Amino acid sequence: MSEPIVILYRGGRLPSWSQLSSAERTVFQNKHVDLMLSVAARHGLLSIEGYRLLTPMGDWQRWWTMRFLDLAGAEAWMQAEVAPPYGRYGYYEYELARRCMPAALDWLPQRAAPARATDVDPRVVPTLAVDMGSIVVIAFGGWTRGSDQVPAGTRGDGQRRQLLQAVAEEHGLLHGELFQLLGAGGDGDLAWLLEFPTLAGAEAWIEAEGMPAAGAYQHRTFHLARRWAPDYFATWSV
């Protein structure tokens, strides 16, 4: 069985959202939540994780990962998400990927899936907030062109892996994931997600990624974020 399909979604609300009345926003949000939950139930949403950028990039304010068993679920989710009226007020940029965990990264820790609260109705949306208990590095990138022709020893693959593993151990890496895009995105064909308990860990990881020799053969774009309302969105998974 192939790995589930993952939607990588850069999103946010457009300024026009704040120009609506409070009553309009409530009505549109409730319709949207009902629609998305129906898609989640019909297509078996495996997980949804949200992250709010510390520094928004224009209309891009949050990054999301949504996992489905097949492409049909991902397609249904993306179509529903942009549906009006709620969809008129959002920023949407999607990429499709699969989780990629080669043997060389088997040391990355995995956060345990939260237990689904069966007594909570996800249609009742609480006040949402970030989880201040950790900091998340979101990284996009890949190999520079021609790097596949360079021997691994020359590229410093082994030294890079040892350095990153040392950073993870020293700073208590909580969770690590790697996604392989289905095709190449504007920032490369790989996406990393690293969660640390403190900013010091995130800074150390970013610094280690640029160290020679490996840093010369890869390109990376980094963003810092915090988990967005993880307890609430854990209730969305089927």
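The values are calculated or read from the model by the stated rules, or taken from the named source; none is laboratory data. Owing to the predicted nature of the structure, the values given are computational and were not obtained by experimental measurement. Here Cβ is always computed from backbone atoms with ideal geometry, including for glycine, and neighbour counts include all displayed protein chains.
Quick notes
- Residue count for the stretch 26-50, restricted to those that are surrounded by fewer than 16 Cβ atoms within 10 Å (Cβ to Cβ) and either among the charged types (D, E, K, R) or not assigned by TED's automatic domain parsing to the domain that holds Cys100 (or both): 3
- Residue match in the stretch 66-82 (condition: among the basic types (Lys, Arg) and outside the structural domain of His175 (by TED's automatic domain parsing)): yes
- Residue count for the stretch 147-181, restricted to those that are touching an Asp or Glu at 6+ places or on another chain (Cβ under 8 Å) and either touching a residue at least 60 places away in the same chain (Cβ under 8 Å) or of a type in the set (Val, Ile, Thr) (or both): 6
- The stretch 94-110, subset of a type in the set (D, E, K, R) and within 14 Å of the chain's Cα centre (by Cα), residue farthest from Met78 (Cα to Cα): Arg99
- Members of the stretch 13-25 found to be of a type in the set (D, E, K, R) and either surrounded by 15 or more Cβ atoms within 10 Å (Cβ to Cβ) or in contact with a Cys (Cβ under 6 Å, 6 or more places away or on another chain) (or both), listed by number: Arg13, Arg25
- Residue check for Val150: among the hydrophobic types (A, V, I, L, M, F, W, C) and either within 17 Å of Ala234 (Cβ to Cβ) or crowded, with 17+ Cβ neighbours inside 10 Å (or both): no
- Some residue of the stretch 86-99 being in a loop (DSSP other than H, G, I, E, B), surrounded by 12 or more Cβ atoms within 10 Å (Cβ to Cβ) and not assigned by TED's automatic domain parsing to the domain that holds Glu195: no
- Among the residues making up the stretch 177-202, those that are farther than 12 Å from Gly142 by Cα and surrounded by 17 or more Cβ atoms within 10 Å (Cβ to Cβ) are Glu177, Leu193, Leu194, Glu195, Phe196, Gly201, Ala202.
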